[in-house]
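Visitor: Have a look at this one.
The values are calculated or read from the model by the stated rules, or taken from the named source; none is laboratory data. Keep in mind that what you see is a predicted model, and the values were worked out from it rather than measured. Here the Cβ positions follow ideal geometry from the backbone for every residue, glycine too, while neighbour counts run over all protein chains shown. Note: accessible area is taken over every heavy atom of the protein model, side chains too, but ligands, DNA and RNA are not part of it. Shrake-Rupley method; radii C 1.70, N 1.55, O 1.52, S 1.80 Å.
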Amino acid sequence: MTHTYSLTCQELLASISDYVDGSLSPELCQEIERHIRGCENCRVVLDTTTKTLYLYRQSAEKIALPGEVQERLMSALDLSEFFK
Amino acid sequence: MTETIFPEISIAALKAGDRAEFARLAASFSTPIYRLALKMTGDPSDAEDVLQNTFLKALQHIHGFEERSSLSTWMYRIAANEALMTLRRRKSQIPVDENPDDSDEELAPMQFTDWCCLPESEFVSAEAKKQLDQAIQHLPDSLRVVFLLRDIEGLSIKETVEALNLSETAVKTRLLRARLRLREKLSSYFGERVREVS
């Protein structure tokens with residue numbers, strides 16, 4: 001069967017989350033990839049969404065729990081004896 | 001991702017009141033809970049309160065944990081509720097126009113500059129970090145919590161549903177809105193950087 005369905009920009013936008021999460025069917029992924037080859041705006045939205053998620057994940061990895069906060073937590077839980 | 005954070009914690013030992021086991025839980029899971037609390041509240045002092053209250057409640061209620069979700073999802077659930085309560089208390093003092101996910105907000109993107117190819121130094125600058133923080137703080141709480149659990153803490157859609165007691169549709173809708181809003185905000189800033197650099 002020939003698949004003739006063509007994705008609109010609005011439909012691509014609605015599927016963008018599932019696409020970047022890798023949870024779309026291969027057929028829909030192909031539709032998206034075909035669409036962005038001919039639609040520069042949607043390509044930019046897709047690429048910058050992916051980059052946005054990457055930047056947030058990268059930035060979150062740098063958050064460390066301050067030692068004094070951990071110390072106060074263990075004290076509040078009456079578990080300081082286990083905290084070295 | 002979350003299950004590997006503390007794969008060796010014994011729920012049976014926690015329920016039996018094993019304090020050393022609870023200390024191991026606190027030691028291994030305090031960073032992700034603090035990170036969630038800090039990004040939810042945007043304030044280190046509030047984040048510390050959320051962190052302490054989360055573990056105090058976990059200690060208090062571990063006997064009632066029915067293991068319908070994983071231990072990590074249960075911990076995130078307590079932390080998310082604590083953070084949302086903190087934000088509600090703050091807003092009862094200063095009324096804020098909260099925009100829940102069910103509104104007819106237009107999702108259509110407005111920014112179409114491709115900023116992905118900026119030099120790496122642009123993404124790690126102090127100003128870029130400030131823009132990322134501001135963008136996330138501008139999200140409505142209901143979108144921010146979904147984004148943080150799913151995209152920062154790495155919970156699956158199913159785990160996010162369990163942690164927030166929402167439908168799968170609501171989680172997916174909020175996640176899409178959060179991601180597109182953040183993209184739009186970052187595109188304003190980085191798009192400007194593209195114009196300045198070129």
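Visitor: Confirm whether B:Ile157 is surrounded by 20 or more Cβ atoms within 10 Å (Cβ to Cβ) and modelled with pLDDT of 95 or more.
Guide: Criteria not met by B:Ile157.
Visitor: In addition: Search the range B:107-145 for residues being polar (S, T, N, Q) and in a helix (DSSP H, G or I), and hand back the single one that is farthest from B:Ile33 (Cα to Cα).
Guide: This residue is B:Ser121.
Visitor: All but one of (1) farther than 14 Å from A:Leu12 by Cβ; (2) surrounded by fewer than 13 Cβ atoms within 10 Å (Cβ to Cβ) hold for A:Tyr56; which doesn't?
Guide: (2)
Visitor: Can B:Ile33 be described as modelled with pLDDT of 95 or more and among the β-branched types (Val, Ile, Thr)?
Guide: yes
Visitor: What about B:Thr54, is it within 14 Å of chain A (Cβ to nearest Cβ), more than 30 Å from B:Glu184 (Cα to Cα) and at pLDDT 95 or above?
Guide: yes
Visitor: Scan (1) more than 7 Å from every other protein chain (Cβ to nearest Cβ); (2) open to solvent by less than 30 Å² (accessible area, probe 1.4 Å); (3) farther than 27 Å from B:Ser121 by Cα; (4) touching a Leu at 6+ places or on another chain (Cβ under 7 Å) for the single condition A:Cys39 breaks and write down its number.
Guide: The one condition A:Cys39 does not meet is (4).
Visitor: Please go through the range B:111-148 and pick out each residue that is farther than 13 Å from B:Tyr189 by Cα, more than 10 Å from chain A (Cβ to nearest Cβ) and touching a residue at least 12 places away in the same chain (Cβ under 8 Å).
Guide: Residues satisfying the conditions are B:Pro119, B:Gln137, B:His138, B:Leu139, B:Pro140, B:Asp141, B:Ser142, B:Leu143, B:Arg144, B:Val145, B:Val146.
Visitor: Please determine whether any residue of the range B:61-68 is open to solvent by 50 Å² or more (accessible area, probe 1.4 Å), under 22 Å from B:Leu149 (Cα atoms), outside any helix (DSSP H, G or I) and of a type in the set (Lys, Arg).
Guide: So far as the range B:61-68 goes, yes, one or more of its residues are open to solvent by 50 Å² or more (accessible area, probe 1.4 Å), under 22 Å from B:Leu149 (Cα atoms), outside any helix (DSSP H, G or I) and of a type in the set (Lys, Arg).
Visitor: Any idea which residue in the range A:1-36 is most open to solvent (accessible area, probe 1.4 Å), counting only those that are within 9 Å of chain B (Cβ to nearest Cβ) and more than 16 Å from the chain's Cα centre (by Cα)?
Guide: A:Gln10
Visitor: Within the range A:65-78, restricting attention to residues that are part of a loop (DSSP other than H, G, I, E, B) and more than 7 Å from every other protein chain (Cβ to nearest Cβ), which residue is farthest from B:Gln131 (Cα to Cα)? Steps first, please.
Guide: Residues of the range A:65-78 that are part of a loop (DSSP other than H, G, I, E, B), as a first pass: A:65-66, A:77-78.
Imposing the further condition that a residue be more than 7 Å from every other protein chain (Cβ to nearest Cβ) reduces the set to A:66, A:78.
Details: A:Pro66: 23, A:Asp78: 39 Å.
It comes out as A:Asp78.
Visitor: Taking the range A:14-40, which residues are touching a helix residue (DSSP H, G or I) at 6+ places or on another chain (Cβ under 7 Å) and either in a helix (DSSP H, G or I) or over 18 Å from B:Gln111 (Cα atoms) (or both)?
Guide: A:Ser15, A:Ile16, A:Ser17, A:Tyr19, A:Val20, A:Leu24, A:Leu28, A:Cys29, A:Ile32, A:His35, A:Ile36 - these are the residues of the range A:14-40 that are touching a helix residue (DSSP H, G or I) at 6+ places or on another chain (Cβ under 7 Å) and either in a helix (DSSP H, G or I) or over 18 Å from B:Gln111 (Cα atoms) (or both).
Visitor: Please name all residue pairs, on different chains or six or more residues apart, with Cβ atoms under 9 Å, provided the first residue is in the range A:58-84 and is touching a residue at least 12 places away in the same chain (Cβ under 8 Å) and the second residue is assigned to a helix (DSSP H, G or I) and open to solvent by 30 Å² or more (accessible area, probe 1.4 Å).
Guide: Cβ pairs passing all conditions: A:Gln70/B:Ala27; A:Gln70/B:Thr31; A:Glu71/A:Ser80; A:Phe83/A:Glu71; A:Phe83/A:Ser75; A:Phe83/B:Ala27.
Visitor: Any idea which of (1) open to solvent by less than 40 Å² (accessible area, probe 1.4 Å); (2) more than 14 Å from B:Lys39 (Cβ to Cβ) is the one B:Leu148 doesn't satisfy?
Guide: Just one mismatch for B:Leu148, condition (2).
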